[in-house]
Amino acid sequence: MSVQTADSAVVMRGIVKTFSGVRALDHVDLEVRTGEIHGLVGKNGAGKSTLVSILSGFYPPNEGEITCGGKTVSAVGPDQAKGLGIAIVPQQVHVVSGLSIAENVFCGELPLTRLGFVDWRRIRREAMEQLALINIDIDIDRTVESLSVSERQMIDIARAFSRDAHVIILDEPTASLPKDEVKMLFGFVREMCKRGVSFIYISHFLEEVFELCDRVTVLRNSRVVGHFDVSELDVRRLVQLISGQDIARFGRKRREAHERPILEIEDVTRPGAYEKVSFTVHAGEIVGLSGLEGSGKSELVRGLFGLQPMGEGAVRVDGRPYRAKAPEEALAQGVAYLPRDRYGLGIVPVRSVAENVGLCVLRKVTNRLGFISRKVERPLVEGYVDMLQIKISNLDQELQFLSGGNQQKVVFAKLAATKPQVLLLEEPTQGVDIQAKEEILRIVVSMAGDGVAVVVVSDVIDELLDICDRILVMHRGVMVAEFDPDDQGTSGADIMLAIEGNLAPR
């Protein structure tokens, strides 16, 4: 590891961090140069988030030192990190739902007038300027609770940029962003680099690392594997460095689905969201559903699960008329849903693994007196933990201390415990590492093998091609195309053209 040089924006040397005797970082070094986009990659639990949390002042290291702006210190606090020009955009969006967009951009640092009052004119003006920098055209007086997950992510990014930071940490910034906003973010990051701003970019989407980053540091098992110029690597080599082994891309061996239709949707219409959508999913079949943000795909599955109005039209589950005005009604009729926003809708981070898995099946684990029966709950949860190979210290461990991949597996366990006939999955591999993605895809295929009808809503075309029996594409609320992954003429490029509203000639 080189020492601080004139072109180093920040250098971390020999960083050690332990939690309850477990070493999360073992003498880790990191150097980020001025105007550089530096990738930081590794499996869930490798130490990435711990390292940037130390740099941004959330944790003190047990050993090591940090050099930034010509100053070398053993630890920084949040205020000192801010003073050094270090800002972080965390994976889990931190916004205050009841406040306006403008108030969130300046949350914690509201500018004051000379008389000591909040300078609302300045707040509104500068909030509009910051959003304009990243090409976001939105009413700054709207409350954040009315925004989509991707819009909230962009507000968090705008807040980091508003603080005149010189080193900006982006932790999985594109996990909830549609493709057009990803391109917009990348363009802005590159422009900021030209002005001397440095970025630490954490992502499980390795194609983004190759598209955006100049250099990359790989962490594995709390240690640095190496620092590399991105131009020296290819995807296979980077996967080997991250995992320590070759990971073959998962491909489902497709079989004929059962003839029995499980989910039947006929002419379902919700004005402004989707129009006359019709398709059928059979027992044991996996159907992919893709499209641009706002195409209607997400609105459709949320409507089916009772999170939003479903609209008009006919829906049947296993031959029975189906309609749900709330999630509990959907679950009672055999329909389960894995949300895109894992933190907001999928888990309760401060509760235990056992409590999270049992949340959807409280009636099964509750005794006649209305109390949860540990004798019933523990074996049920243990069975799913073993089956899904969830890595935990014990059933009472809080979910906030699990890796992203294991948190997602807990959500699957919670859904599997309801014994669904229909499983609606929205971006099931979002925010997890390569190995966890393969494990999650195997779980999806296994549940389909048990006769569950599965709908996978995703923008990751390669994954849909790997596991789906059919892929449906929506555009502006209308079902515009259907693809058979086994058809030799089907390609990812064709599907992308359909997603963008331009069907390729076949």
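The values are calculated or read from the model by the stated rules, or taken from the named source; none is laboratory data. These figures come from a predicted structure and were not determined experimentally. Reconstructed Cβ throughout: ideal geometry from the backbone, glycine too, with neighbour counts over all protein chains shown.
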Where in region 1-66 are the strands (runs of 3 or more DSSP E), entirely inside, with at least 2 residues that are among the small types (Gly, Ala, Ser)?
8-19
Would you say Val93 is of a type in the set (A, V, I, L, M), modelled with pLDDT under 80 and out of contact with any Phe, Trp or Tyr (no Cβ under 6 Å at 6 or more places or on another chain)?
yes
Being crowded, with 22+ Cβ neighbours inside 10 Å and touching a helix residue (DSSP H, G or I) at 6+ places or on another chain (Cβ under 6 Å) is the filter here, so list the residues in region 468-482 that pass it.
Ile471, Val473, Met474
When you scan region 422-441, do you find a residue that is at negative phi and small (Gly, Ala, Ser), even just one?
yes
Would you be able to say whether some residue in region 327-336 is of a type in the set (D, E, K, R), modelled with pLDDT of 80 or more, under 15 Å from Leu415 (Cα atoms) and buried (at least 18 other Cβ atoms within 10 Å of the Cβ)?
no
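Given the condition part of a loop (DSSP other than H, G, I, E, B) and in the same structural domain as Ser352 (by TED's automatic domain parsing), answer yes or no: does some residue in region 432-443 qualify?
Kept after step one, since they are part of a loop (DSSP other than H, G, I, E, B), are these residues of region 432-443: 432-433.
Now drop any that are not in the same structural domain as Ser352 (by TED's automatic domain parsing), which leaves 432-433.
Yes.
Can you go through Glu293, Glu256, Glu299 and tell me which one is at pLDDT below 90, under 27 Å from Glu181 (Cβ atoms) and either part of a strand (DSSP E or B) or not aliphatic (A, V, I, L, M) (or both)? Even if it seems obvious, please write down each step before you answer.
Details: Glu256 fails: under 27 Å from Glu181 (Cβ atoms); Glu299 fails: at pLDDT below 90.
Within the list Glu293, Glu256, Glu299, the selection yields Glu293.
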Restricting attention to region 483-506, and to residues there that are in contact (Cβ under 8 Å) with a residue 60 or more places away in the chain and charged (D, E, K, R), which single residue is surrounded by the fewest Cβ atoms within 10 Å (Cβ to Cβ)?
Asp486
Could you tell me how many of the residues in region 82-103 are under 16 Å from Glu31 (Cα atoms) and either touching a Leu at 6+ places or on another chain (Cβ under 9 Å) or part of a helix (DSSP H, G or I) (or both)?
1
When region 57-106 is checked residue by residue, the ones that are of a type in the set (Val, Ile, Thr), crowded, with 17+ Cβ neighbours inside 10 Å and without any contact (Cβ under 8 Å) to a residue 40 or more places away in the chain are Val76
Please verify whether Arg125 is surrounded by fewer than 20 Cβ atoms within 10 Å (Cβ to Cβ) and either part of a helix (DSSP H, G or I) or at pLDDT 80 or above (or both), treating the condition exactly as stated.
yes
